[in-house]
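Report on one structure; see the data block that follows.
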Amino acid sequence: MNRWLIHGASQLLTLKGASDRPKRGKQMSELGIIEQGSLAIENERIFAVGSREEVEREVRLRWGGLDGVRVLNAAGKVVMPGLIDPHTHLVFAGTREYELEMRLNGRTYLEILQAGGGILATTAMTRSATEEELTEQTLKRLDRFLLHGVTTVEAKSGYGLTLQDELKQLRVARRVHEEHPVDVVSTFMGAHAIPEEYKHDPEEYVRLVIGEMIPRVAGEGLAEFCDVFCEKGVFSLEQTERILTEAKRWGLVPKLHADELEPMGGAELAARIGAISADHLLKVSDRGIRAMAEAGVVAVLLPGTAFFLMAPCARARDMLEAGVPVALSTDFNPGSSPTVSLPVIMNLACLNMKMTPAEVIAAATINSAHAIGKAGEIGSLEPGKQADILILDAPNYAHLSYHYGVNLTDSVFKKGELVVQGGRRCDLPI
């Protein structure tokens, strides 16, 4: 039996009380802090959280004492839920570093895409890669995520754009989920771009997504969600709604890349169709913000993408004040946000979107869990939840946003197992 006692934390952030509904407004600043807090783990689950005296009392009642219990002294450190990244494009081949200079010379994201770069360039490289090659590359990326304190990631397809290559991406996501400590939650995103072979007949590609891809993905149980890049020059509002309506019919939960480059009304569609999240939202309208707040759609904001594209950030404060639940993500991908550092994203959310250090922690834990439908299991430190725990080499949570570009990850528990210690993987054979 796996038993751990973590005690003496300078601050233990529980994020408790938001498993049923995401945090909104002022709730985003309520971290459930326990000074000099302790936590007990049994196998994969948390079974006690509180002061050292309270937790040790429960430990003795349950285990009869501390014999055989492994103890981690977290004195001078912050203990908090493992970080959750609810929007990544994890599985792909190749890189696109040459696009940075193109953007510096004035080319826009859509101009690069229309010239055969962007998503289409990665699509070509991903199609030519084998499943083994994609698996090897993806496992390395998950190692980097883990070392930055991330214990769960969402992963989208969308770099295959054929039935077989979309299935290949999703099978790789499932395989790495089984092989790596980091949990991978899969999203089908065949509607990520119009592939080159369909550029003269985009509607035929939409029919392929609806008629062949969605049934196969759902039939094989390869994804929980379906996402669409709803954007001018990519997929229209009408096409997006048709795709997501069919996805819902097959049991896939809708998500949207919404209002990123143009104010398309994607947020309003997300609210109308019952999407679990609307992501990006750089150009969201006031009406879209109100609709999301009323429908409870999680706004997944990606300040790293805006930073890398040299674009204005999303209006996080307007969303928070309107009562929209806000989450944060890296948007890890090879073109517009090639970073695995969710802590850096949290820094950017403070500096460029004026979120507070407390708000960004709520956004990167419990609200991100809600954005992928996992808040009943992860995102907070409460009895019965999965023991996904991040320990920071910092005396208080404000250091996480104060030290930009610095990785403060000291230790990570995943499902009750210590997998990172002293900033290094400790679950691998030497």
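Values as computed for the structure displayed
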read-out: Arg21 surrounded by fewer than 16 Cβ atoms within 10 Å (Cβ to Cβ), in a loop (DSSP other than H, G, I, E, B) and basic (Lys, Arg); value: yes
read-out: Matching residues in the stretch 125-139 - criterion: being touching a residue at least 24 places away in the same chain (Cβ under 8 Å) and in a helix (DSSP H, G or I); value: Met125, Thr126, Arg127, Ser128, Glu131, Glu133, Leu134, Thr135, Gln137, Thr138, Leu139
read-out: Qualifying residue in the stretch 33-40 (condition: open to solvent by 30 Å² or more (accessible area, probe 1.4 Å), touching a Leu at 6+ places or on another chain (Cβ under 8 Å), under 30 Å from Met355 (Cα atoms) and in a loop (DSSP other than H, G, I, E, B)); value: no
read-out: Residue count for the stretch 313-335, restricted to those that are touching a Gly at 6+ places or on another chain (Cβ under 8 Å) and not β-branched (Val, Ile, Thr); value: 7
read-out: Selection within the stretch 286-308 - closer than 17 Å to Pro263 by Cα, of a type outside the set (Val, Ile, Thr) and either open to solvent by 30 Å² or more (accessible area, probe 1.4 Å) or in contact (Cβ under 8 Å) with a residue 60 or more places away in the chain (or both); value: Asp286, Arg287, Arg290, Leu301, Leu302
read-out: Residues satisfying the stated conditions in the stretch 143-172, i.e. more than 23 Å from Leu252 (Cβ to Cβ), open to solvent by less than 10 Å² (accessible area, probe 1.4 Å) and either of a type outside the set (Gly, Ala, Ser) or assigned to a strand (DSSP E or B) (or both); value: Phe145, Leu146, Val150, Thr151
read-out: Members of the stretch 94-113 that are buried (at least 20 other Cβ atoms within 10 Å of the Cβ) and in a loop (DSSP other than H, G, I, E, B); value: Arg96
read-out: Pairs, first over 13 Å from Ile6 (Cα atoms) and modelled with pLDDT under 95 in the stretch 410-430, second outside any loop (DSSP other than H, G, I, E, B) and open to solvent by 60 Å² or more (accessible area, probe 1.4 Å), C-beta under 8 Å, six or more apart; value: Asp427/Glu417
read-out: Answer residue from the stretch 114-142, given it is surrounded by fewer than 15 Cβ atoms within 10 Å (Cβ to Cβ) and not small (Gly, Ala, Ser) and is farthest from Phe92 (Cα to Cα) among those; value: Gln114
read-out: Output for the stretch 335-377, where each listed residue is assigned to a loop (DSSP other than H, G, I, E, B), of a type in the set (Val, Ile, Thr), closer than 19 Å to His257 by Cβ and open to solvent by less than 20 Å² (accessible area, probe 1.4 Å); value: Ile372
read-out: Every residue from the stretch 378-397 that is surrounded by 16 or more Cβ atoms within 10 Å (Cβ to Cβ) and part of a loop (DSSP other than H, G, I, E, B); value: Ile378, Gly379, Ser380, Leu381, Glu382, Lys385, Ala387, Asp388, Asp393, Ala394, Asn396, Tyr397
read-out: Pick from the stretch 241-285, criterion outside any strand (DSSP E or B) and touching a residue at least 60 places away in the same chain (Cβ under 8 Å), ranking: farthest from Leu110 (Cα to Cα); value: Leu252
read-out: Leading residue by the ranking (farthest from the chain's Cα centre (by Cα)) among those in the stretch 308-334 that are modelled with pLDDT of 95 or more, hydrophobic (A, V, I, L, M, F, W, C) and part of a helix (DSSP H, G or I); value: Ala322
read-out: Which listed residue, of Thr339, Thr365, is on the phi < 0 side of the Ramachandran plot and touching a Leu at 6+ places or on another chain (Cβ under 8 Å); value: Thr365
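The values are calculated or read from the model by the stated rules, or taken from the named source; none is laboratory data. The shown structure was predicted, so the numbers you read here are calculated from the model rather than taken from an experiment. Every residue, glycine as well, gets a Cβ built from its backbone with ideal geometry; the counts of neighbours run over all protein chains shown. These area figures cover heavy atoms from the full protein model, side chains too; ligands, DNA and RNA do not enter into them. Shrake-Rupley method; radii C 1.70, N 1.55, O 1.52, S 1.80 Å.
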